[in-house]
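A.B. asks: Pasting a structure here, questions to come.
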């Protein structure tokens, strides 16, 4: 982490955004007008910096990886949404009602601290200071700060790394929680959130239910290594006509009241009940903190990590997740971010371009030194220093204003959509 940051402006703006948004809980009447004013100021400031931005060339080169990462992210989210519905539906509502949550020592610790800590501290830990959409907005502020030279360009490169890493993390998360279905820490969750059959899917009826709790049956299953119980004809599900997507029926288990289309089911999914290990919310928080630490650093990055820790204990405290879910999300997020530095990295500088320029003028530089022509040597060295900046400006000159304006409009549209679609967490 660089300490202190190049300037503190971004950190002040980010923490101001969090503070203004928290007014929703303290002074609701102030929240809406102040939030609108803040967003208008930020948008105007970003647009006003466009004419002075010098790195459009690198932004254009990063545009294709950015779009590809975004499409990869959308595909990962679709797979995750199908998996979320599937793991909540496969065992039926009766299983959710009757299965006790797992013992969680982290939850016990927080309850014990409630008795030991002063009440103001406990209330601070309980406060809903930050949510999923806040972390997404913090990252968007970070990416846009390239316009103010607070973060190394290209901003689209940073965005591509963030979304690519997020997509990989979401895929790994879906594979993990779908592999072993854990009971929710909120037993009423599935009943309130989903309309699914009360009984298990036919797969679970055959391979899980006969061996769910009978010790002798489990022992026999291990010895024979085959599903030996004859369950007769399994109870079947409602099967709407989804055409080529009918294979999803076994995963989504629609009911007659909501099974018109497969897409309508996924739109209602929101969040699941058994998509636990590991926490998707914490993955977003950790990736935002890692991006902030690497790209910007300074005191504000420490505050972002404190917000990550606060969010983690709230996930556990409110029983959205078990402690293991949050711990795994933290180290998976850190490791994934470290592995994707090839897309964008703060450590990358203009040295590569300077070396390329040096190779081109090497013969001239040697000749000038042999001739003891100091002025020529100075001029050649000045070319190396200015080469990178000249390269950045060439593409911007070619595209004039059209491409920069299109990039800003596209990026602001993504910001607005993310804010609307994630405002409820």
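The values are calculated or read from the model by the stated rules, or taken from the named source; none is laboratory data. Predicted model only: the values in this text are computed from it and were never measured. No Cβ is skipped: glycine too gets one built from the backbone with ideal geometry, and neighbour counts run over all protein chains shown.
A.B. asks: Hey, any hits in region 361-376 for a residue that's assigned to a helix (DSSP H, G or I), buried (at least 16 other Cβ atoms within 10 Å of the Cβ) and either at positive phi or modelled with pLDDT under 70 (or both)?
C.D. replies: For region 361-376, residues assigned to a helix (DSSP H, G or I), buried (at least 16 other Cβ atoms within 10 Å of the Cβ) and either at positive phi or modelled with pLDDT under 70 (or both): present.
A.B. asks: Check whether at least one residue in region 72-81 is closer than 21 Å to residue 303 by Cβ, under 25 Å from the mean Cα position of the chain (by Cα) and either without any contact (Cβ under 8 Å) to a residue 12 or more places away in the chain or buried (at least 16 other Cβ atoms within 10 Å of the Cβ) (or both), and report yes or no.
C.D. replies: Taking every residue of region 72-81 in turn, none turns out to be closer than 21 Å to residue 303 by Cβ, under 25 Å from the mean Cα position of the chain (by Cα) and either without any contact (Cβ under 8 Å) to a residue 12 or more places away in the chain or buried (at least 16 other Cβ atoms within 10 Å of the Cβ) (or both).
A.B. asks: When you look at residue 264, is it part of a helix (DSSP H, G or I) and either farther than 28 Å from residue 101 by Cα or modelled with pLDDT under 85 (or both), yes or no?
C.D. replies: yes
A.B. asks: Specify the residue that is farthest from residue 108 (Cα to Cα); the eligible residues are those in region 279-317 that are in a loop (DSSP other than H, G, I, E, B) and in contact with a helix residue (DSSP H, G or I) (Cβ under 9 Å, 6 or more places away or on another chain).
C.D. replies: 296
A.B. asks: Restricting attention to helices (runs of 4 or more DSSP H) lying wholly within region 151-253, give those where 2 or more residues are surrounded by fewer than 20 Cβ atoms within 10 Å (Cβ to Cβ) and at pLDDT 90 or above.
C.D. replies: Result: 155-179, 202-207, 215-224.
A.B. asks: Please count how many residues of region 82-111 are part of a helix (DSSP H, G or I), under 27 Å from the mean Cα position of the chain (by Cα) and under 21 Å from residue 179 (Cβ atoms).
C.D. replies: 8
A.B. asks: Also: Going by what's in this entry, would residue 42 be described as under 26 Å from the mean Cα position of the chain (by Cα), assigned to a helix (DSSP H, G or I) and surrounded by fewer than 13 Cβ atoms within 10 Å (Cβ to Cβ)?
C.D. replies: In short, no.
A.B. asks: Hey, any hits in region 219-228 for a residue that's touching a helix residue (DSSP H, G or I) at 6+ places or on another chain (Cβ under 6 Å) and more than 15 Å from residue 86 (Cβ to Cβ)?
C.D. replies: Yes, region 219-228 contains a residue that is touching a helix residue (DSSP H, G or I) at 6+ places or on another chain (Cβ under 6 Å) and more than 15 Å from residue 86 (Cβ to Cβ).
A.B. asks: Kindly evaluate residue 61 against the criterion of being touching a residue at least 24 places away in the same chain (Cβ under 8 Å) and in a helix (DSSP H, G or I).
C.D. replies: So residue 61 passes the test.
A.B. asks: Counting only residues that are within 26 Å of the chain's Cα centre (by Cα) and farther than 13 Å from residue 164 by Cβ, which one in region 57-67 is surrounded by the fewest Cβ atoms within 10 Å (Cβ to Cβ)?
C.D. replies: It comes out as 61.
A.B. asks: Is it the case that residue 382 is surrounded by fewer than 16 Cβ atoms within 10 Å (Cβ to Cβ), at pLDDT 60 or above and either assigned to a helix (DSSP H, G or I) or more than 29 Å from the chain's Cα centre (by Cα) (or both)?
C.D. replies: yes
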